[in-house]
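Encoded as structure tokens, the structure appears first; notes follow it.
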Amino acid sequence: MVVRSYNEELKYLEKINSHCWRIKKGFQPNMNVEGLFYVNDTLEKLMLEELRNSCRPGMTGGFLPGVKQIANVASLPGIVGHSIGLPDVHSGYGFAIGNMAAFDMSDPKSIVSPGGVGFDINCGVRLLRTNLSEKDVLPIKEQLAQSLFDHIPVGVGSKGIIPMNARDLEEALEMGMDWSLREGYVWAEDKEHCEEYGRMLNADPSKVSLRAKKRGLPQLGTLGAGNHYAEIQVVDEIFDKYAASKMGLERTGQVVVMIHSGSRGFGHQVATDALVEMEKAMKRDKIEVNDRQLACARINSVEGQNYLKAMAAAANFAWVNRSSMTFLTRQAFAKQFKMAPDDLDMHVIYDVSHNIAKIEEHVVDGKVKTLLVHRKGSTRAFPPHHPLIPVDYQLTGQPVLIGGSMGTCSYVLTGTQQGMTETFGTTCHGAGRALSRSKSRRNIDYKDVLNKLESMGISIRVASPKLVMEEAPESYKNVTDVVDTCHAAGISKKTVKLRPIAVIKG
Amino acid sequence: MYRLKLTALGHPNPKSFNCEDVKEYRSVVLWLEDQKIRHYKIEDRDGLRNIDSDNWQNAYDLYQKDLVSPVADGTPTEQLNWLLSYAVRLEFADNVTKYKAVIIEEPKKVTPNVVSSNPLDNLNFSSPAFVNGVERVCALSGIGPHPDPKFRIAALAKVLKTSPHPDYPNTEVSIIKQPKDVLELIFIQNLRDLQTSINEALVAVQTVTADPRTDTKLGKVGR
């Protein structure tokens with residue numbers, strides 16, 4: 001790797017406009033395209049600070065800074081457009097989290113990389129609305145939080161309460177949300193309001209290792225640990241009245257439920273298995289990459305296809321998982337309010353995936369191309385009239401659900417035409433880490449975190465309290481900075497701001 | 001069902017016309033030939049004039065052959081439809097200058113009519129309006145010249161299918177945008193109906209297959 005001083009590195013970075021920077025070729029070796037990243041003044045400082053730290057003598061090992069990772073991705077074979085960093089970008093395995101990259105399917109050298117999807121395959125956010133108001137919920141907030149906690153098992157090693165055997169799992173992996181629908185865990189309208197209609201059609205459970213299935217089976221219908229959560233939230237501010245009303249969000253104070261979860265140990269195992277397999281494929285096909293973590297395989301190779309099929313199965317797992325939790329959430333609410341979920345109008349507003357690779361059609365240099373779009377820690381945000389978004393959102397653009405860090409706020413955005421042309425219809429996914437997990441554990445006391453949430457009037461149920469400081473708001477970038485940057489840059493549009501009143505966490 | 005065409009041609013009672021009735025059908029054919037088409041000399045129209053005669057059908061067949069009707073072998077309704085359209089065309093050709101003056105109102109009048117039938121059937125591909133329209137769209141999208149406007153439209157369809165839609169200049173915005181918006185809204189409405197029927201089908205299947213269960217004994221909260 002090239003060793004340069006911070007000031008030399010800066011020569012490769014150019015601020016194009018108030019919210020966007022360009023990473024020029026040469027910043028990292030063999031870049032096929034340029035990089036782009038979106039920041040505002042605050043996030044810009046964090047971003048450059050990270051780069052400056054990594055330039056200090058003796059700084060080796062650990063994760064590369066986000067900008068370097070974006071540039072490394074730009075050097076992968078078959079990449080088109082730009083390697084793009086969203087405002088919540090931070091270091092991850094190979095690809096930065098908050099990085100999107102698209103590869104030309106018609107180029108035989110193009111690759112697929114598990115690092116570009118992430119370990120928690122199809123981690124995503126689902127938002128349920130209700131017709132309740134904050135004042136309906138406040139008197140029984142504690143009971144409701146407890147009821148949710150009882151229904152949705154959380155934490156490392158948690159096990160779900162929906163009985164499933166190995167055959168059920170095989171079917172669920174192949175059918176995704178159609179399985180939940182068939183078994184009666186979700187409503188027909190839920191499928192309509194889910195990215196990909198809750199099912200990747202190329203899923204092939206036979207390409208998934210037995211080990212992954214063993215890990216996954218007992219975990220279906222569990223939230224998991226880490227940054228995953230279920231939150232009862234209220235509408236805090238409406239920026240776009242028309243789009244909000246299309247989503248059934250009519251007034252401030254309206255209660256919604258946000259579920260942020262993924263494919264649990266199943267997806268993790270699928271990714272791990274693929275990385276091992278791909279290392280061999282790289283040697284065979286002589287694929288050179290800047291970083292060993294960018295293990296990849298040609299899309300059309302056996303390894304590439306195996307991964308895509310297994311990844312699709314893991315994506316289906318995640319949708320079934322979020323669907324099961326939707327079912328459990330509806331039960332918890334129905335019990336507390338002694339009303340049917342229908343009468344509480346508990347519809348799914350939308351379900352987004354923010355760790356996934358998908359085959360999509362985009363316009364590149366004036367031509368329609370079929371691309372494999374990797375979105376890691378970034379969310380699809382298609383504009384109005386796009387054929388792949390639900391009919392109810394044809395005029396508003398796809399809803400984009402942005403989960404904030406624990407105890408802060410969350411946002412609903414909509415996709416824009418500008419985002420479609422600039423970022424392949426992609427926007428941010430959340431707050432994005434500012435401190436590493438270990439650093440958070442050292443610097444913050446978990447009791448302070450819990451007390452602070454309590455003082456804000458947020459009920460909290462956690463399986464492992466000693467881990468909450470990893471997820472404390474202080475460990476994250478400010479989600480409002482992130483969302484405002486996306487809005488100002490025009491790659492998505494602010495619609496609604498949500499504020500939590502109860503949190504369930506691993 | 002031929003009310004608008006009959007009205008346009010000035011038929012005395014277009015509203016009550018019933019094309020299923022043999023007698024009425026025959027008299028309308030005769031009326032068309034007498035008043036509008038005038039293909040035969042008056043004395044040669046006798047075959048058609050005997051509307052009660054069994055030989056009328058033979059005369060009608062011959063008449064159609066003489067007119068080179070493309071639907072001579074079609075059903076009686078198709079045959080009459082063609083005759084009516086032919087008569088309209090003749091009427092128009094006789095008074096081109098008169099009808100050209102009212103061209104702005106024409107689309108409004110015609111639109112409700114074409115909803116029930118295939119609008120393309122009534123399109124006159126050689127009309128100056130069509131040729132001009134094709135000329136304009138092709139200029140916008142960079143399609144080269146060709147004497148046959150249908151050929152150019154086919155080329156345009158190919159281009160639009162394979163590449164993104166061309167930008168149109170600002171002067172054209174309202175002309176293109178309004179119908180585009182209307183089409184989009186109709187499309188969304190149709191899509192919503194389709195999605196609703198899909199949902200209904202799914203719910204119907206669910207009544208047979210659904211059996212959601214939970215077993216709280218299985219639950220385990222993590223460390």
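Would you pick out the residues in the stretch B:197-217 that are under 33 Å from the mean Cα position of the chain (by Cα) and either more than 9 Å from chain A (Cβ to nearest Cβ) or not in a helix (DSSP H, G or I) (or both)? Hit for the stretch B:197-217 is B:Ser197, nothing else. On inspection, B:Leu32 qualifies as within 19 Å of B:Pro12 (Cβ to Cβ), modelled with pLDDT under 90, out of contact with any Pro (no Cβ under 6 Å at 6 or more places or on another chain) and surrounded by 13 or more Cβ atoms within 10 Å (Cβ to Cβ). Hey, could you check the stretch A:223-275 for residues that are assigned to a loop (DSSP other than H, G, I, E, B) and open to solvent by less than 10 Å² (accessible area, probe 1.4 Å) and say which is nearest to A:Pro500 (Cα to Cα)? Taking the candidates together, the pick is A:Leu249.
Total residues in the stretch A:351-390 satisfying the condition of being open to solvent by 10 Å² or more (accessible area, probe 1.4 Å) and within 14 Å of chain B (Cβ to nearest Cβ): the figure is 14.
Scanning the stretch A:335-362 for residues that are out of contact with any Phe, Trp or Tyr (no Cβ under 9 Å at 6 or more places or on another chain) and within 14 Å of A:Val256 (Cα to Cα) yields A:Asp345, A:Ile349. Every condition in (1) open to solvent by 10 Å² or more (accessible area, probe 1.4 Å); (2) more than 14 Å from every other protein chain (Cβ to nearest Cβ) is met by A:Gly157 except one, and the failing one is (2). Against the criterion of being closer than 27 Å to A:Ser91 by Cβ, modelled with pLDDT of 90 or more and not assigned by the TED database to the domain that holds A:Arg22, A:Val479 qualifies. Within the stretch A:83-113, the set of residues being open to solvent by 10 Å² or more (accessible area, probe 1.4 Å) and more than 20 Å from the chain's Cα centre (by Cα) comprises A:Asp104, A:Met105, A:Ser106, A:Asp107, A:Pro108, A:Lys109.
Give the residue that is nearest to A:Glu44 (Cα to Cα), with candidates limited to residues of the stretch A:410-434 that are surrounded by fewer than 21 Cβ atoms within 10 Å (Cβ to Cβ) and out of contact with any Pro (no Cβ under 7 Å at 6 or more places or on another chain). The residue in question is A:Ala434. Quick one: would you say A:Ser464 is within 30 Å of A:Lys141 (Cα to Cα) and surrounded by fewer than 21 Cβ atoms within 10 Å (Cβ to Cβ)? Yes: the conditions hold for A:Ser464. Looking only at residues in the stretch A:164-192 that are over 24 Å from A:Leu308 (Cα atoms), modelled with pLDDT of 95 or more and not in a helix (DSSP H, G or I), the one that is nearest to the other protein chains (Cβ to nearest Cβ) is A:Gly184. Test B:Ala93 against the stated conditions and say whether it is in contact with a Leu (Cβ under 6 Å, 6 or more places away or on another chain) and not polar (S, T, N, Q). Criteria not met by B:Ala93.
The values are calculated or read from the model by the stated rules, or taken from the named source; none is laboratory data. Since the structure is predicted, the reported quantities are computational estimates derived from the model, not experimental observations. Methodologically, a virtual Cβ is constructed for each residue, glycine included, from the backbone with ideal geometry; neighbour enumeration extends over all protein chains shown. Side chains are part of the model used for accessible areas, which takes the heavy atoms of the whole protein and leaves out ligands, DNA and RNA. Shrake-Rupley method; radii C 1.70, N 1.55, O 1.52, S 1.80 Å.
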